[in-house]
Amino acid sequence: MTVGSPLTETGYLAWIDTTTWDATLIGSATTGYDRIFGLGYWGGTIFGFVDNGSTAQTGSLVTIDVETGVATPATTSQFRWYGAGVTTKA
């Protein structure tokens with residue numbers, strides 16, 4: 001999951017303990033994006049679905065490094081993302 005911080009405008013990749021609901025940040029860097037509205041995992045890669053607001057290319061798909069938490073643009077689209085649904089059997 002990605003989580004926000006009052007210290008930055010962008011989010012962090014985090015691991016959530018489903019027993020305590022405590023978040024542990026993955027890496028020390030932010031993702032570089034503030035509107036990652038869904039995550040997916042496939043083929044060893046974490047994908048983030050980003051809403052860029054009202055720009056010409058409003059949706060972005062990014063890959064997120066599992067060690068550092070840094071996101072890298074993969075593609076853009078004219079469509080906006082509001083979340084993502086993925087299989088649990090990736």
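Taken together, the values in this text are just the output of simple stated rules run on the coordinates, not laboratory data. What you are looking at is a predicted structure, and each value in this text was computed from that prediction instead of being measured. No Cβ is skipped: glycine too gets one built from the backbone with ideal geometry, and neighbour counts run over all protein chains shown.
Structure summary
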read-out	value
Binned Cα-Cα distance frequencies in segment 18-83 - 10 Å width, integer %	22, 48, 26, 5, 0
Peptides ranked, highest mean first, by Cβ atoms within 10 Å: ranges 41-47, 62-68	62-68, 41-47
Spacing of the two label points (7 Å from each Cα toward its C-beta) at Val70 and Ala14, in nm	2.2
Cα-based convex hull, segment 1-43, per residue volume (Å³, whole number)	96
Label point distance in nm, Trp21-Gln78, each placed 7 Å from Cα along Cα→Cβ	4.2
Under 5 Å, built H, 5+ apart or other chain: amide partners of Val70	Asp65
Residues with amide H under 5 Å from that of Gly38, placed H, sequence gap 5 or more	Phe49
